[in-house]
1. Quick one: compute the contact order of the range 3-134, relative version, from alpha carbon pairs under 8 angstrom and 6+ residues apart, as a percent.
2. Set the Förster radius R0 to 22 Å, insert the Cβ-Cβ distance between Lys414 and Ser12 as r into 1/(1 + (r/R0)^6), and round the FRET efficiency to 0.05.
3. Just want to confirm a number: the relative contact order over the range 373-444, from Cα pairs under 8 angstrom separated by 6+ residues, in percent.
4. Going by the alpha-carbon gyration tensor, a ≥ b ≥ c the square roots of its eigenvalues, is the range 24-74 rounded (a/c under 1.5) or, if a/c is not under 1.5, prolate (a/b greater than b/c) versus oblate?
5. Run the numbers on the range 1-74 and let me know its relative contact order in percent, using alpha-carbon pairs under 8 Å that are six or more apart.
6. Can you pull the percent of the chain's accessible area that's carbon plus sulfur, 1.4 Å probe, other chains left in place?
7. Taking 0.36 nm per intervening residue step and subtracting the Cα-Cα distance, what contour gain separates Asp185 from Val142 on full extension?
8. For every helix of n ≥ 4 consecutive DSSP H residues, a contribution of -39,500 (n - 2.57) applies; sum these over the chain, divide by its total residues, and give [θ] at 222 nm rounded to the nearest 500 deg cm²/dmol.
Amino acid sequence: MKSVPAGGFQTSVPIVIVGAGAAGLCAALAAHEAGAEIVVLERDPIPRGSTALSAGLIPAAGTRFQKAAGISDDPAIFAADLKRKAHDTADPAIVDLVARQAGPTVEWLADRHGFPFSIVHDFDYPGHSARRMHGLPSRSGVELIDRLRQAADEYEIPLVVNAAVSTLYADADRVVRGVEITRPDGTGDALGCEALILACNGYGGAAGFVTKHIPDMRHAWYFGHPGNRGDAVLWGEQLGAELLHMSGHQGHGSVAHPHGILITWAVIMEGGFQVNVRGERFSDESLGYSEQAGVVLAQPDGIAFDIFDERIAAVARQFADFRQAEALGAVVEARTLALLAERLNLPAAALAQSFAETEESKRSGKPDRFGRNFTAAVRWEPPFKAVKVTGALFHTQGGLAVDGSARVLDTAGKPLPNIFAAGGAAVGVSGPHANGYLSGNGLLTATVLGRVAGESAAAFVTEGAQASA
Ligand SMILES: Cc1cc2nc3c(=O)[nH]c(=O)nc-3n(C[C@H](O)[C@H](O)[C@H](O)COP(=O)(O)OP(=O)(O)OC[C@H]3O[C@@H](n4cnc5c(N)ncnc54)[C@H](O)[C@@H]3O)c2cc1C
């Protein structure tokens, strides 16, 4: 943190946004629509972020897309799902806000910016009581971020790349007056602002932060964007902001090993299961993929195998990642389970026993010994499929405490004068544990709080301008 330079800033802009992921670009679009001038600063040469690594799925309730698909849902049911998954540890006001605003945000992107969303209608995500994942045709985050950037281009919003914000300029009253920008060649610049939106995600890319706050994941593969180095929490802390749920995170128990490709949890939710290197099942996989990261990592060699069949693979093929995994040979296939075991180097008898357990649950209609109920699953047909997977850390869910206007709060619960935060920079709605993460919580707070932060910052600078007129 630096003091304001003696001569002030040569260049200033009303709103500076740090980070051009989903949160930063939604904030930029919303602030622009509210009539504010903004500049988005992005460290990378091309905006990508963790947003590009995701499947680009945004959960939202009561949308016209759901109605068209005959799905009955509403924000109150969604909020209840979020609270239940996080064991009531997340701020209920923020949970209600994002559950209420997710539908309007998805429809805003669709109607105002032409995003061709559709519902993932052919499988259930764990913990969601309705089918409410909205995705783009490729079901990839690259498409989401590219469309967001294109929308920002159409508004001619200045987006400066290769511009890492290295520190903030703040005065003694904790008012942020500007930011220092460092370019890849080491040269620097300063840019003044009236309001700052932190949209530079969390601390998954900062090994020290992970070791301190999520020690269980310190040796895990970090599968998110490496540029997310905890800058928002670092600066926030220096300004007296409250940091919440710093151990919270999204893990994933199904990353192809050694290929490093996300294998959609559809392969599990549609009736697949996981075994370890001994061919044995070890958990109720249907609880959620986030908590399953730690469960898989606790198995011998930190390895598991997703086992499923061709029908399930056909569902998974809607995801670009899964198609890539098949193209790269990560998905192993065999006509019989015995052959599959041989190809995976697994004990055939143990794999057969694991399969028999799941079939017995289907036949009896009773939960298996882990409490998982397979009754909804369809009977399997060959060829059988498998992917060798491991657990990984996807992104952090702890961060800066914010209010319903996305203003950053201090440790006394008061808003800091002119800082807003969204996406992975702000605390999420998953609470302090991996098992509090409901599918889609990442992009939920990135898009919804991003939009709220943009609107709030625009109102803040407009009011300031009116007051001084
Ligand atoms: C493999 C994977 C799959 C996922 N799948 C899903 C999913 O399907 N649905 C879902 O809801 N969530 C998913 N997530 C989580 C989701 O991707 C994130 O929660 C979301 O993208 C966060 O958006 P963001 O804008 O906050 O951060 P990001 O998209 O990471 O953007 C932050 C940007 O800030 C930039 N930046 C950082 N520091 C600075 C700095 N100092 N100066 C300038 N720029 C800076 C970074 O370069 C980056 O471009 C997934 C995550 C991963 C890793």
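The values are calculated or read from the model by the stated rules, or taken from the named source; none is laboratory data. Nothing here was measured: the structure is a model prediction, and the numbers come from that model. Every residue, glycine among them, receives a Cβ derived from its backbone with ideal geometry; neighbour counts consider all protein chains shown. Only protein heavy atoms, including side chains, enter the accessible area calculation; ligands, DNA and RNA are left aside. Shrake-Rupley method; radii C 1.70, N 1.55, O 1.52, S 1.80 Å.
1. Relative CO of the range 3-134 lands at 22 percent.
2. Using R0 = 22 Å, I get an efficiency of 0.30.
3. 26
4. Oblate, because a/c is 1.5 or more while a/b does not exceed b/c.
5. Relative contact order for the range 1-74 comes out at 26 percent.
6. 52
7. 12.8 nm
8. The helix contribution divided over the chain gives -10500 deg cm²/dmol.
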